[in-house]
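One structure below.
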Amino acid sequence: MKPEERPGGMAHRLDSMSIGGIGVVSGYGWGREQMLQGVLGGKPAAGLYPGYGPGRDEHAWVGRIPDGGDPAHGRGLFGRAVVAAAAEAVADARSRGWCDTGRTVGLVHAVTLGDVADWRDFYLCDDGHRRSRDYLPMLPSTPISVVMQQYGFHGPAMNVSAACSSGNVAVLTARQWRDAGLVDDVLCVSTDLSATPEMLEHFVGMGAAVSDVDPFTACRPFQEDSLGFIMAEASVAMVLTDAVDRPYARVLGGAMNNDAYHVVSVEPSHAQFLECVRKALRDSGVDADKVNYVNAHGTGTRQCDAAERDVLTTVFDDKPAIISVKPLTGHCQGAAAAVELALIALSYDTGVVASAPVVAPAHPRLLDGPTPMRGGFTVNLSMGMGGNNSALVVGPA
């Protein structure tokens, strides 16, 4: 499709935005290849860490980001991870033919809680007193400002939050900007480094997270005896553009809505979740029977499992293969949807669909470990606390 003129003289394709570059910081390490090889190798990102539990005297299974990054980008890992993921995505996109010269590039940062560890230390260790130069990196505006300055991007830059569906929502926001003529391209970054003892204690208390057993025992989406999810961390960046020679995949459309039912629980009829998925298909121009894969939100909780089984049966007639990666990556909270979108894009590029091994009696369409990619369309489902639902439709480049 030929580019068409939009306000401001910027030319855009109207059918999709392509994923042109990917950067990842995760429990697997600093880089997208570390995550890809870990997932394809069937290795969970989580490990046993001390200092957890109500008395902070227990070990817990969590997928924490290891130490690394440039100290110039913050005393904590949060700012370092944002900048590192963005840098890898931009370098990757440029290596694949993206040239941002003369283009208006914006930045959407999906974030839920910000730099949890550094804010805790600010209050409890520094008594609220810290040099201004050390305080500023904690502000939500600082990491994205650093990235915009680093590359001379002058499009809009903002944080968005929709709980655990934030990664999908960032991409939908980017598309709205492009369709409104505000940008040519968007750097989407999703970051969550909240697997701290304080946060994990409450997710365990709510019956959602599990910390005292290994990931394959705890998290079994669409399988028997699932207990919940393992909490994890990540920062994922993707360059969304129509001006790259070798894109990974195309984002064809999507939708988001809200159950308006409860601050935590999923609405039992699943009516809004079902409608969200149908809207995403309509928006993308893809029929349900053309979808080969559904990447499940797949937390391994009873409510999430029931809602997604309903979507698979009601919308897709149980025909697509089910992708489930949270037993491996852990649940990266506000960055979870972005982790999974990055893996979907990489699967189109490598020809291998990443999914966790099946360890118990399971849904017959659940993939059992890495599987050859059959092409076609993939729907990335994501749900978040507060009733947030989202779905993206992705296709080959």
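The condition of being within 19 Å of Val239 (Cβ to Cβ) and surrounded by 19 or more Cβ atoms within 10 Å (Cβ to Cβ) holds for only one of Arg220, Arg178, that being Arg178.
The set of residues from region 119-154 being without any contact (Cβ under 8 Å) to a residue 60 or more places away in the chain and within 13 Å of Thr191 (Cβ to Cβ) comprises just one member, Pro140.
Residue-wise test of (1) in contact (Cβ under 8 Å) with a residue 60 or more places away in the chain; (2) in a helix (DSSP H, G or I); (3) open to solvent by less than 10 Å² (accessible area, probe 1.4 Å).
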position	(1), (2), (3)
Ser194	yes, no, yes
Met199	yes, yes, no
Phe203	no, yes, no
Ser211	yes, no, no
Phe216	yes, yes, no
Asp225	yes, no, no
Val236	yes, no, yes
Ala243	yes, no, no
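Against the test of being in a helix (DSSP H, G or I) and surrounded by 19 or more Cβ atoms within 10 Å (Cβ to Cβ), the options Ile65, Ile144 yield a single qualifying residue, Ile144.
Only one entry in Pro361, Pro357, Pro370 is modelled with pLDDT of 95 or more and touching a Leu at 6+ places or on another chain (Cβ under 6 Å), namely Pro370.
Here region 350-397 is the region considered, the condition is being in contact (Cβ under 8 Å) with a residue 60 or more places away in the chain and of a type in the set (S, T, N, Q), and the residue that is most open to solvent (accessible area, probe 1.4 Å) is Thr350. If you go through region 186-243 and keep only what is hydroxyl-bearing (Ser, Thr, Tyr) and in contact with a Cys (Cβ under 7 Å, 6 or more places away or on another chain), you end up with just Ser226. When Gly167, Gly114, Gly155 are checked against the criterion of being assigned to a loop (DSSP other than H, G, I, E, B), buried (at least 19 other Cβ atoms within 10 Å of the Cβ), modelled with pLDDT of 95 or more and not hydrophobic (A, V, I, L, M, F, W, C), Gly155 stands alone in meeting it.
Note on region 245-263: among residues that are part of a strand (DSSP E or B) and in contact with a Leu (Cβ under 9 Å, 6 or more places away or on another chain), the one that is most open to solvent (accessible area, probe 1.4 Å) is Met256.
The values are calculated or read from the model by the stated rules, or taken from the named source; none is laboratory data. On a predicted model such as this, the values are computed, not experimentally measured, just so you know. In this analysis, Cβ positions are derived from the backbone assuming ideal geometry, glycine residues included, and neighbour counts consider all displayed protein chains. In case anyone asks, the SASA skips ligands and DNA or RNA and just uses the protein heavy atoms, side chains included. Shrake-Rupley method; radii C 1.70, N 1.55, O 1.52, S 1.80 Å.
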